[in-house]
Every structure is written in structure tokens, then in C-alpha cells.
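Have a look at the structure below before the remarks.
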Amino acid sequence: IAEGTYIGSRVVILLYDWGARSYDRIKNLDPVDEAEYLALPILDRIRDVPYPRVLDVATGTARLPLTLLRQPDFRGYVVGLDLSAKMLEQARRNTARLRGRLDLVRQRADQLPFRDACFDVVTCLEALEFMPDPQRVVAEMVRVLRPGGLLLVSNRVGWEARLLPGRYCTRGQLERLLATQPLMDIQTKLWQTHYDLIWARKEKRGTT
């Protein structure tokens with residue numbers, strides 16, 4: 001359940017490296033559901049951005065990039081970031097036909113190697129609770145998001161969330177953390193048994 005979170009990031013990375021080849025089979029993601037709950041809502045919220053730049057933090061095997069790039073109305077570019085080399089190898093295999101529209105980067109989420117306000121969308125799915133410093137990761141994601149840009153994160157909920165103290169799990173905790181950032185229109189949507197989706201916008205300059 002905690003995936004090595006309280007032992008250290010090296011253990012978390014090692015576990016994902018070990019499971020990289022079987023990860024997609026275990027998750028058994030439905031492309032229709034991925035489009036309905038992730039890709040299409042993102043596209044609807046950024047319909048005024050003709051060529052959006054998207055950053056997917058903890059991209060794993062490129063789950064979010066794949067569902068976005070499969071949509072005919074998406075004309076943007078995606079950067080997937082992860083610390084697990086094996087997960088990124090699998091992501092490269094999964095996205096081999098999409099080169100030119102996707103870049104995969106191995107880097108820490110709490111030290112994003114990007115300038116301020118350079119992405120129209122920043123996402124992080126099913127990963128924030130496994131990071132050593134979720135608060136710092138959130139701050140970094142907001143930093144690289146342009147004013148008015150879209151933030152999408154998942155929140156661990158349900159009884160398992162209680163086994164992850166200090167990781168902003170269960171309903172309300174992550175929302176309160178996001179409220180400390182220059183974000184507005186924070187909305188929680190039901191998604192899966194163990195996860196909610198939280199949507200937010202970065203405040204535009206001059207917004208109070």
C-alpha cells in the first residue's frame with residue numbers, strides 16, 4: 001500500500017523498476033475510461049489553447065501522455081517526467097510511434113528542470129503520496145505552470161489512505177494544501193475507488 005514510501009525514495013524507485021514490465025498488465029487500463037475521465041476533460045478545459053504544452057509528473061509508463069496523444073483534437077506537446085529508469089524504458093516502448101510529440105525525462109519531481117510558467121497543463125496521477133515531500137512537489141508543479149494554466153492531481157482516498165500519514169491523503173487534506181498555493185477554482189471529482197481527481201487553475205497575475 002505504501003510502496004516503500006517511509007523507507008526512502010530509493011526503495012520506491014527500486015520497486016517500480018522491478019515492476020515496470022508488468023505494470024501495464026496489472027493496471028489493465030481501459031482506453032475508453034482514460035479518455036472519458038482524463039484526456040477529454042483536460043481538452044475541454046484548455047480548448048482556448050491551440051498548441052498546449054503538458055507536463056506529466058511521475059509519468060510511469062506514459063499513461064497520461066498516451067491518452068492525450070491518442071485524441072485527434074490534441075495538437076500539443078507532452079513532457080513525461082519520472083525517476084524510475086525502467087518505467088521510462090517501458091514508456092518509450094509504449095510511445096515509440098509518437099516521437100516528435102513527446103519527451104521523456106528522468107528527474108526528481110521536487111526539483112523540476114524547467115523555467116517558471118512554461119506549461120499550460122501540469123498533471124500528477126497516483127504518485128504524490130509516494131514522494132518524500134509532497135508539499136514541495138506541489139509547489140514545483142505550480143511554479144512551472146503558467147498563470148491561468150490547469151493543474152490536475154489525484155488524491156488517495158478510502159481506508160487505505162489512512163495508512164499513509166503525512167502524505168495529504170483522505171478527502172480535504174490535499175485540497176487544503178493546494179489552497180496554500182496561488183491556485184483557484186479547486187474542484188474535487190470522484191474517479192476511482194482509491195482516488196479522487198482534483199482540478200485547479202493557477203491564479204492569473206493580479207488575481208486576488
### Message
Per residue of the range 170-187, what does 6.51 cos²θ - 1.76 cosθ + 1.60 with θ = phi - 60° give for ³J(HN,Hα)? Whole Hz please, x for Gly and Pro, Karplus curve as stated.
### Response
6, 5, x, 5, 5, 4, 5, 5, 4, 5, 7, 9, x, 10, 9, 6, 6, 10
### Query
Taking amide H positions as placed 1.01 Å from N in the peptide plane, with prolines and chain starts having none, which residues 5 or more places from GLN181, or on another chain, fall under 5 Å of its amide H?
none
### Task
Would you list which aspartates and glutamates come within 16 Å of LYS189, measuring only between C-alpha atoms, while excluding same-chain residues fewer than 8 positions from it?
ASP33, GLU34, GLU36, ASP44, GLU126, GLU175
### Task
Convert each backbone phi in the range 146-154 into a coupling constant with the Karplus relation 6.51 cos²θ - 1.76 cosθ + 1.60 (shift: θ = phi - 60°), then list the ³J(HN,Hα) values in order as whole Hz, x for Gly and Pro.
6, x, x, x, 9, 10, 9, 10, 9
### Query
If you plug each phi of the range 92-102 into the Karplus form 6.51 cos²θ - 1.76 cosθ + 1.60 with θ = phi - 60°, what whole-Hz ³J(HN,Hα) values come out, in order, with x for Gly and Pro?
5, 5, 5, 10, 4, 7, 10, 4, x, 10, 8
## Note on the structure
Once the dipole of the chain is set up from charges on Cβ (+1 Lys and Arg, -1 Asp and Glu), the residue from the list GLN90, GLN181, LEU151 lying farthest towards its positive end is GLN90
#### Entry: the range 99-180: trypsin sites (Lys or Arg not before Pro) in DSSP coil with no more than 10 other Cβ atoms inside 10 Å
ARG99, ARG115
### q = 0.15, 0.19, 0.21, 0.28 Å⁻¹, the range 121-193: log10 I(q)/I(0) [Debye, one scatterer per Cα]
-0.47, -0.76, -0.93, -1.61
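Might you report the magnitude of the Cβ-based charge dipole of the range 164-208 about its Cα centre, with Lys and Arg at +1 and Asp and Glu at -1, to the nearest 20 debye?
120 debye
Over all directions, the average projected area of the alpha-carbon convex hull for the range 18-114 comes to how many nm²? Working shown, then result.
Details: hull surface 25.6 nm².
Mean shadow area of the hull around the Cα atoms is 6.4 nm².
No value in this document is a laboratory result; all are computed from the given coordinates. These numbers were taken from a predicted model, which means no experiment stands behind them. Neighbour counts run over all protein chains shown; Cβ positions are idealised from the backbone, glycine included.
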